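**Student:** This structure is in structure tokens; I'll ask about it shortly.
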Amino acid sequence: MPDLMRLEAGHAAAVLAFEVANRAYFAAAVSDRGDDYFEEFAERHRGLLAEQDAGVCAFYVLLDDDVVLGRFNLFDIADGTAVLGYRVAEQVTGRGVATATVRELCRRAGAEYGLRTLRAAAADDNVASRKVLVKAGFVPVGPADPGHLGGKPGTWFERDLLV
């Protein structure tokens, strides 16, 4: 059974392998991270850990043994709110993995970080991500800036964690 774990320095190789293995799959739904992302991965990973240590973000990996099945992140933590982002490996899509993990991260967001509200943006053509958000209790609240979604039109979703 997969475990949702807070990102650590020791996860770097497994996270990079996850990103490389799923690059084409992710690029079909969201903008590609570009070659620089992969070439500078070690530095970027250290940067994420620094942001996490500063308390402005919380990064998680869904691990099955030492294999990353997904990444689930809370960005811009402030004033009881945060932005949720996630991606799961192609091999586990359609199995409820993303929905179950988003629900668990919502629980942790309230219990561990005292958050009251989570927001997430999904491109209008990313039907799978939109379904995950709705199944996890998010409701659409308005249009998302296409710049936030790699130039694609989309929608902001929100979940009240106190309900």
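The values are calculated or read from the model by the stated rules, or taken from the named source; none is laboratory data. Computed from a predicted model, the values in this text were never measured in an experiment. All Cβ positions, glycine included, derive from the backbone under ideal geometry; neighbour counts span all protein chains shown.
**Student:** Could you grab me the full set of residues in segment 10-61 that are of a type in the set (Ser, Thr, Tyr), under 29 Å from Thr81 (Cα atoms) and either without any contact (Cβ under 8 Å) to a residue 40 or more places away in the chain or in a helix (DSSP H, G or I) (or both)?
**Tutor:** Within segment 10-61, Tyr37 is the sole residue that qualifies.
**Student:** Next up: Tell me, which residue of segment 116-125 that is buried (at least 19 other Cβ atoms within 10 Å of the Cβ) and over 17 Å from Thr81 (Cα atoms) is farthest from the chain's Cα centre (by Cα)?
**Tutor:** The qualifying residue farthest from the chain's Cα centre (by Cα) is Ala123.
**Student:** Go through Asp3, Asp36, Asp66, Asp53 for me and flag whichever is of a type in the set (Asp, Glu) and within 17 Å of the chain's Cα centre (by Cα).
**Tutor:** Asp3
**Student:** Something else now. Determine if segment 45-57 includes at least one residue that is buried (at least 17 other Cβ atoms within 10 Å of the Cβ) and either more than 30 Å from Ala111 (Cβ to Cβ) or at pLDDT below 95 (or both).
**Tutor:** no
**Student:** Same structure again: Within the group Ala89, Ala78, which residue is more than 18 Å from Leu62 (Cα to Cα) and at pLDDT 95 or above?
**Tutor:** On inspection, the qualifying residue turns out to be Ala78.
**Student:** In segment 93-121, which residues are modelled with pLDDT of 95 or more and among the β-branched types (Val, Ile, Thr)?
**Tutor:** Val97, Thr99, Thr101, Val102, Thr117
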